[in-house]
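Each remark here refers to the structure printed beneath this line.
No lab work stands behind these numbers, since they all come straight from the coordinates. Since we're looking at a predicted model, the values are computed, not measured. As a convention, Cβ positions derive from the backbone with ideal geometry for all residues, glycine included, and neighbour counts pool all protein chains shown.
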Amino acid sequence: MPEQVKKTLVLSIYFALAFSTLLVFWQVRNFDFVSYDDDAYVTENQHVISGLTFDNIIWAFTADVSNHWHPLTWLSLMLDCQLFGPSPGGMHLVNLLLHIVNTLLLFAVLKKMTGTLWPSAFVAALFALHPMHVESVAWIAERKDVLSTLFWLLAMLAYAQYVKKPDAARYLLVLLIFALGLMAKPMLVTLPFVLLLLDYWPLERIKHFDPQDTLRRRQVIYRLVLEKVPFFAISIISSVITFLVMRSGGGVAIVSLNKRIANVFLSYARYIGEMLWPSNLVVLYPFDVGSISFWQTAMCVLLLLVISIFVIRFGRNQKYLPMGWFWFVGTLVPVIGIVRVGLQGYADRYTYIPYIGLFLMLAWGLPQLLSKWISASPQRKIILGISMVIVLTTLGICAHRQTIYWKNSITLFSHAIEITQNNYLAYYNLGVAYDALGRGTEAIDAYRQAIRLKPNYIRACNNLGVAYGNLDRSVEAIEAFKQAIEFKPDLAEAHYNLGVAYLAIGDKNSAMAEYNILKSLNSQLTDKLLNQINK
């Protein structure tokens with residue numbers, strides 16, 4: 001192929017990737033914030049809303065909001081507010097822009113490392129259009145996902161440059177980009193492991209030697225591992241910081257070890273299934289301990305073992321198989337649930353980087369598999385081309401439809417309730433959304449459903465009381481606050497709300513009793529309730 005034609009083709013692929021991604025996700029410019037983490041990240045976070053100031057920059061590096069330490073994510077959201085104000089449209093478009101840049105970078109990195117055009121383009125297109133990636137793009141709070149992946153891909157690009165011409169400056173550049181990426185999202189701790197996989201394929205820095213060259217092979221592997229030691233050291237530091245922040249913020253969920261391990265295997269199997277057939281995707285998949293059976297877990301373990309044996313068996317000649325598989329398995333480790341964060345069983349957003357490994361296996365494996373069935377090269381290329389267009393078009397349509405659910409909180413959580421069962425988290429967040437719109441009766445119904453499914457859901461009980469109070473149904477509000485206090489006696493907010501509710505029915509003595517409890521708790525709400533009593 002003439003060089004000029006090849007350049008034109010590459011530019012056309014870049015344009016097609018950007019345009020198709022824009023076409024699928026352009027609708028997000030009109031979307032609202034959602035009542036799930038967007039409040040903590042933007043709408044109720046004065047540090048973010050007030051933009052880039054010296055005090056806010058210091059806060060970004062010292063805050064542990066939402067059980068994460070990711071100062072670059074905070075700074076990026078502050079910059080959005082500085083440029084667009086606290087408007088969701090601008091923030092959504094920045095997320096989309098980052099996703100497009102990530103898609104183009106992925107294509108560039110793979111093309112550079114592998115020297116192949118169409119498989120690299122197919123991986124980038126799958127990454128851009130897969131419905132499982134909608135959550136990372138359409139959710140403002142997931143800025144950390146698209147931003148950290150930008151640094152991940154930049155680190156891969158810098159690493160390819162370093163491998164081509166090793167020197168200290170290029171090595172330090174990779175290290176710096178990696179450190180910055182960790183400050184956007186700590187999930188990047190697995191990058192050193194992926195760099196070793198890249199050494200195996202496609203960079204071919206780990207080669208197979210004859211039996212008599214065992215010593216040389218060990219020396220090469222030892223040198224490559226030693227080269228990654230500073231990266232692993234930074235990963236360990238980041239992991240320790242993340243764990244301490246989560247523990248101090250109460251982000252580590254308490255679930256028995258055997259259930260956590262079972263959910264690990266179930267999640268891996270689900271992610272594989274959703275990659276092949278993405279359907280019934282929602283924002284929240286509650287962790288249902290009772291639904292995990294031994295046989296279900298055993299089948300998932302067997303599936304993972306069979307795939308692992310297969311890729312190892314054929315990996316000597318098809319190196320992309322073990323590389324892609326262990327990319328997928330390894331990069332999911334921080335979010336697979338061994339250390340549980342939050343109440344979800346698994347989440348679409350966790351696949352944003354890991355799926356690249358599976359996409360690599362498909363992009364390089366399918367043409368080789370087809371070549372065993374169809375020997376004629378032109379016929380094989382036509383079949384592959386038509387199949388690629390059908391698959392990508394279907395994924396793009398599905399991703400477009402999935403994105404629609406992120407229009408606002410009502411559509412998002414109503415969809416989750418429709419698709420899942422016993423999803424008390426979705427009911428709770430739907431109630432919060434109705435509350436924000438002043439639709440108190442509907443909020444009450446949603447909170448009551450959440451409490452029906454999880455009677456000890458303290459936040460739902462407290463919010464239910466507030467919703468009753470807003471409708472001047474103070475007696476019912478009192479019962480809701482009492483239920484919250486029954487499960488958490490030291491919940492200062494519920495005691496304050498209960499005191500206000502007592503005042504609404506003229507029971508000043510009971511309100512004074514709640515004041516005394518707040519005083520014993522050293523709550524900041526103590527004086528606030530006293531002011532209400534003295535009015």
Inset, instruction - Taking the dipole about the Cα centre of the chain, with the C-beta of Lys and Arg at +1 and of Asp and Glu at -1, give me whichever of Leu11, Ala347, Met299 is farthest to the positive side. - result: Leu11
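Suppose a student asked you for the relative contact order of region 409-534, using Cα pairs under 8 Å spaced at least 6 residues apart; what percent would you report?
Values: 170 pairs, mean separation 18.9, N = 126.
Taking the mean separation of contacting Cα pairs over the length of region 409-534, I get 15 percent.
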Legend entry - Phi to ³J(HN,Hα) by Karplus 6.51 cos²θ - 1.76 cosθ + 1.60 over region 366-372, Hz, x for Gly, Pro: 4, x, 5, 5, 5, 5, 6
Inset, instruction - Work out the length of the dipole vector of region 409-534 about its Cα centre, built from +1 on the beta-carbon of each Lys and Arg and -1 on the beta-carbon of each Asp and Glu, and round it to the nearest 20 debye. - result: 140
Inset, instruction - Quick one: angle between helix 118-129 and the longest Cα principal axis of the chain, in degrees between 0 and 90, rounded to 10, please. - result: 10
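What does the charge add up to near Leu366, with Lys and Arg as +1, Asp and Glu as -1, over the other residues with Cβ less than 13 Å from its Cβ?
Values: positive: Lys372, Arg380, Lys381; negative: none.
Net local charge, Leu366 excluded: +3.
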Legend entry - For region 414-419, Karplus couplings with θ = phi - 60° (6.51, -1.76, 1.60), whole Hz, Gly/Pro x: 5, 5, 4, 5, 5, 8
Legend entry - Normalised per residue, the volume of the convex hull around the Cα set of region 98-221 (Å³): 119
Inset, instruction - Report, by chain and number, residues whose modeled amide H sits under 5 Å from the one on Tyr285, excluding near sequence neighbours (fewer than 5 apart, same chain). - result: Gly345, Tyr346
Inset, instruction - Quick one: compute the contact order of region 3-407, relative version, from alpha carbon pairs under 8 angstrom and 6+ residues apart, as a percent. - result: 21
Inset, instruction - Specify the angular offset, from 0 to 90 degrees and rounded to the nearest 10, of the alpha carbon long axis of helix 424-436 from the longest principal axis of the alpha carbons in the chain. - result: 60
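Just to confirm a number: summing +1 for Lys and Arg and -1 for Asp and Glu over residues other than Asp38 whose beta-carbon lies under 12 angstrom from that of Asp38, what do you get?
Numbers: positive: Arg143; negative: Asp32, Asp37, Asp39, Glu44, Glu142.
Overall, the nearby charge balance is -4.
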Legend entry - Backbone N within region 277-321 under 19 Å of label point (7 Å from Ala40 Cα along the Cβ vector): 283-287
Legend entry - Correct option for Cα extents along the principal axes in Å [calculated from the coordinates] among [x] 87, 52, 45; [y] 123, 62, 44; [z] 73, 61, 46: [x]
Legend entry - Estimated distance in nm for a label pair at Thr441 and Phe232, the labels positioned 7 Å out from Cα along Cα-to-Cβ: 6.4
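Excluding Gly440 itself, what net charge comes from residues whose Cβ is under 14 Å from its Cβ, given Lys and Arg +1 and Asp and Glu -1? Present the calculation step by step, with values, prior to reporting the outcome.
Values: positive: Arg439, Arg448, Arg473; negative: Asp435, Glu442, Asp445, Asp472, Glu476.
After counting each charged neighbour, the total is -2.
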Inset, instruction - Return the sequence-ordered ³J(HN,Hα) values of region 446-455 in whole Hz as given by the Karplus equation 6.51 cos²θ - 1.76 cosθ + 1.60 applied to θ = phi - 60°, using x for Gly and Pro. - result: 5, 5, 5, 5, 4, 5, 4, 7, 9, x
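By per-residue mean of other Cβ atoms within 10 Å, what is the highest-first order of 300-312, 513-525? Spell out each step's value before the answer.
Working: 300-312: 14.7, 513-525: 16.4.
My ranking of the peptides, most packed first, is 513-525, 300-312.
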Legend entry - Tilt relative to the chain, helix 257-276 - C-alpha long axis, 0 to 90 degrees, to 10: 60
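Taking the Cβ of each residue in Cys461, Cys398 as the centre, tally the other Cβ atoms inside 10 Å and list the residues starting with the fewest.
Details: Cys461 27, Cys398 19.
Ranking Cys461, Cys398 by Cβ neighbours within 10 Å, fewest first, gives Cys398, Cys461.
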Inset, instruction - Set the Förster distance to 30 Å, then compute FRET efficiency between Gln4 and Arg380 from the Cβ-Cβ distance, nearest 0.05. - result: 0.70
Legend entry - Per-pair calculated FRET efficiency, R0 = 22 Å: Gln368 and Lys207 via Cβ, rounded to 0.05: 0.60
Legend entry - Set Lys319/Lys381; Lys7/Lys372; Lys164/Lys207; Lys6/Lys164 screened for pairs whose C-alpha atoms are more than 25 Å apart: Lys7/Lys372
Inset, instruction - Kindly state, to the nearest 0.05, the FRET efficiency for Arg223 paired with Leu97, given R0 = 41 Å and r defined as their beta-carbon distance. - result: 0.55
